[in-house]
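Shown next, in structure tokens, is the structure this report addresses.
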């Protein structure tokens, strides 16, 4: 009996738009050969991809490439959110790439084409329904970034960063593919939902050492993509050596892709009892190491890179709670996944805003420079400085940066609902550490050009402790305590 595979072209529309954007960029660069036209085509294609994803995702979930009940393409609300967000991030990176392209050391045609190719991989990644589609989509998102990092002509730092990124990413992909192959050897399936059902229904498979090794390899390979400790060493050097807009794309779109892939396999395929302890340990190490090292950074991009490492720990933390008894309930699982997605969305938007401010404050085609180079920048450029400070405050999770505050409170509540109070405490302590360097950088922006930074780190930590305590009691812990009392 032959099986007929169904194809829904409406569900594939966002991927068609993203892939078509890459083709149109090539044609525009070939036929018109004007940088402004090439960038405009890429921007229009990105906007069309975001609109198409929103329209397709507004209705019921659509499936394609299905054989029976198993589908390799599942486009629902989350896939639409991922596709639209990646398209908007691409649009934002194009908007801040003007100084880089005008400097003449980066060819605009290749630059826009590679961004469109990465966008295509991101759109497919959000809708991936099996391990092979997911891994291929993640590599399609990542491969163009190797070239983008080293695309600037005559930049030795860019070439070194590109090689570092390439070598580490190839190792990560190898681990992920090996883990996927072992999972297929154990279960005989590759579709995420079928894989999850098989592992949940066959307790004997979880007892096999091969299953544990396979799960560990998949999680480790995807942890490379999100720069989770101890798979993080490539990120600071790569970010610092890349052009600033490319570093912004690495820190936002690339990291979002890794988070989406990790979330897909943890939620739909891999057993929480196996992945939960691993992810909890990775979250603790990632947020702690990232924040501690960020405290000692003197280069702007390296500070943002290490803070990005720490932020990845906050995103992973809710997934680590799923191994606990409360985390295996339906409500707790839904809350944990929602918290991870919400935090990732707010983080990438604030991170892009921070990088955009750095691009505006630094010379065209320059690097991020040192923190001393930004001393007093808000006095010379008040609007850009205020936007930068607001983005930093949002990343720190303080008001008036309500997006960052909401995201951190959502993570803490999800951990409390999953009976992972110790992990919520680790998140709170690390949030305090993060306040120290975020607020110090914000204070540097408003410092006198020749004077000291008006706020000392020790005072920042004391202030952060007080603010964090008040916020935790009023916004985070008080509603949970009231709810517990009401239930009793």
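Coordinate-derived values only; no laboratory data. Fair warning: this is a prediction, and the values are worked out from it, not measured in the lab. Glycine also receives a Cβ, built like all others from the backbone with ideal geometry; neighbour counts cover every protein chain displayed.
Hey, can you rank 299-312, 177-190, 199-212 by average C-beta count inside 10 Å, highest first? Mind showing how you got there, number by number?
Details: 299-312: 25.4, 177-190: 18.2, 199-212: 12.8.
Result, highest mean first: 299-312, 177-190, 199-212.
Label reach from residue 212 (point 7 Å along Cα→C-beta): in region 160-199, amide nitrogens under 20 Å belong to 176, 178-187, 199. In this calculation the C-beta distance from residue 296 to residue 448 is compared with R0 = 22 Å, giving a FRET efficiency of 0.40. Shape class for region 232-323, computed from the alpha carbon gyration tensor (a ≥ b ≥ c): oblate, with a/c not under 1.5 and a/b at or below b/c.
Distance between the 7 Å Cα→Cβ label points at residue 157 and residue 9: 4.9 nm.
Ranked for footprinting exposure by Cβ neighbours inside 10 Å, fewest first, 191, 419 give 419, 191.
Under the rule of -39500 (n - 2.57) per DSSP H run of 4 or more residues, summed and divided by the residues of the chain, what mean residue ellipticity at 222 nm is obtained, to the nearest 500 deg cm²/dmol?
-24500 deg cm²/dmol
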